[in-house]
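What follows is calculated from the coordinates using simple rules that are stated; it is not laboratory data. Quantities reported herein were computed from a predicted structural model and do not represent experimental measurements. Glycine also receives a Cβ, built like all others from the backbone with ideal geometry; neighbour counts cover every protein chain displayed.
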Amino acid sequence: MKRLVALIPMAWLGLFFLVPFLVLLKISVSEPAIAQPPYMPLLDWADGILTIALNLGNYIFLTEDPLYLLSYLSSVKIAAISTILTLLLGYPMAYVIARAPEHRRGLLLMLVILPFWTSFLLRVYAWIGLLKANGIVNNALLAVGVIDQPLVMLQTDFAVYLGIVYTYLPFMILPLYATLSKLDADLLDASADLGARPGTTFLTVTLPLSLPGVVAGSMLVFIPAVGEYIIPALLGGPGTLMIGSVLWNEFFLNRDWPVAAAVAIVMVLVLALPIGLLRRVQAREGERP
């Protein structure tokens with residue numbers, strides 16, 4: 001029975017992750033072509049002979065052009081900083097919700113997930129109206145005399161960080177809440193009875209016990225933020241370089257599907273490292289008595 005229950009999610013992952021990954025891997029070792037689709041087939045049958053054409057030049061090309069390395073590094077940097085900012089904002093919010101009375105937690109959690117009730121694209125466009133030169137933020141600051149001229153906030157890295165943190169903040173809060181709400185309050189009381197100050201109790205008791213939620217929330221933010229395309233495209237400037245934009249250009253502008261597939265495969269391998277770290281931390285927590 002257990003195997004049957006596990007078979008359903010494994011079949012789902014195999015169908016919607018493994019199969020597309022293998023298709024992408026096949027395209028990444030193909031030759032580009034001006035045709036439909038814009039790449040040569042991996043297997044070729046000619047004159048009764050079956051030949052296999054493996055082209056590893058696409059991966060070699062990624063190491064020769066600095067654009068791809070810079071885009072990977074920039075994506076990881078933006079995703080890492082956004083994850084840290086999301087953690088700094090999300091942890092206090094999750095802590096307050098977890099310590100709130102039972103009858104208020106449902107309302108507070110609903111407020112956290114409320115943005116998901118509207119379109120992701122509309123929410124990003126709303127930030128354009130807030131951050132543009134004649135937007136709500138600049139008009140309010142000008143009205144109260146805080147600034148003399150509009151601030152340049154749109155099409156900057158600041159806008160990209162703001163958009164990512166706003167969008168993925170619930171993904172940080174919910175795992176943290178799930179962990180913090182399960183903490184034994186007696187441990188906090190015992191720490192206080194032993195003379196520990198609230199700050200010491202947080203650093204020695206609450207924070208270590210909430211690390212699984214911290215890791216899970218960080219991965220849920222970091223992994224999609226690395227490949228983010230919509231937010232940098234709408235809120236970022238021409239100098240905002242992320243791997244999602246590079247993938248879009250290779251697929252739809254250059255129509256070089258083999259190189260684009262190679263870029264995507266490398267990105268998946270890069271993201272496999274934090275995913276492996278998450279599983280390792282979860283395994284350690286599961287081994288604890």
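To the nearest 0.05, how large is the calculated FRET efficiency for Phe61 and Tyr125 if R₀ is 30 Å and r is the Cβ-Cβ distance?
Details: r = 36 Å, r/R0 = 1.19.
The computed FRET efficiency comes out at 0.25.
Output wanted: per-residue J couplings in Hz (rounded whole) for segment 163-174, from phi through Karplus 6.51 cos²θ - 1.76 cosθ + 1.60, θ = phi - 60°, x for Gly and Pro.
Per-residue couplings from phi come out as x, 5, 4, 4, 5, 9, 4, x, 5, 8, 5, 5 Hz.
Looking at segment 127-187, what % of the alpha carbon pairs are farther apart than 20 Å? Walk me through the numbers before you get to the answer.
On the way: 905 of 1830 pairs.
That tail contains 49 percent of the Cα-Cα pairs.
Which whole-number percentage describes the relative contact order of segment 62-287, with Cα contacts under 8 Å and a sequence gap of 6 or more?
Reported as a whole number, the value is 29 percent.
What is the order of Glu250, Glu102, Glu228, fewest Cβ neighbours within 10 Å to most?
Working: Glu250 20, Glu102 7, Glu228 23.
Sorted ascending by nearby Cβ count, the order is Glu102, Glu250, Glu228.
Taking only Cα atoms of segment 192-275, what ratio of Rg to Rh do you get with Rh as the Kirkwood inverse-distance radius?
Using Cα coordinates only, the ratio equals 1.27.
Sorted from fewest to most neighbouring beta carbons within 10 Å, what does the list Leu235, Leu131, Leu253 look like? It would help to have the intermediate numbers written out before the result.
Details: Leu235 25, Leu131 22, Leu253 8.
So the ranking, lowest neighbour count to highest, is Leu253, Leu131, Leu235.
Residue by residue, what Karplus-based ³J(HN,Hα) values in Hz, rounded to whole numbers, does segment 13-28 have, using 6.51, -1.76 and 1.60 with θ = phi - 60° and x for Gly and Pro?
5, x, 6, 9, 10, 5, 5, x, 5, 5, 5, 5, 5, 5, 5, 5
What does the chain give for Rg and for Dmax, in Å, if only its C-alpha atoms count?
Final numbers for Rg and Dmax: 23.9, 85 Å.
What is the fewest-to-most order of Asp256, Asp65, Asp148 by other Cβ atoms lying within 10 Å of their Cβ?
Asp148, Asp65, Asp256
Using Cα springs under 10 Å in a Gaussian network model of the chain, which residue among Leu180, Leu70, Leu111 shows the largest mean-square fluctuation?
The residue that fluctuates most here is Leu111.
Please get the size of the charge dipole for the chain, origin at its Cα centre, with Cβ charges of +1 on Lys and Arg and -1 on Asp and Glu, quoted in debye to the nearest 20.
Around 760 debye, computed over the chain.
Nearest 500 deg cm²/dmol is fine: what mean residue ellipticity at 222 nm does the chain get from its DSSP H runs of n ≥ 4 alone, each adding -39,500 (n - 2.57), divided by its residue count?
Helix-only estimate at 222 nm: -21500 deg cm²/dmol.
What FRET efficiency, computed as 1/(1 + (r/R0)^6) with R0 = 51 Å and r the Cβ-Cβ distance, is obtained for Ala185 and Met40, rounded to the nearest 0.05?
The calculated FRET efficiency here is 0.20.
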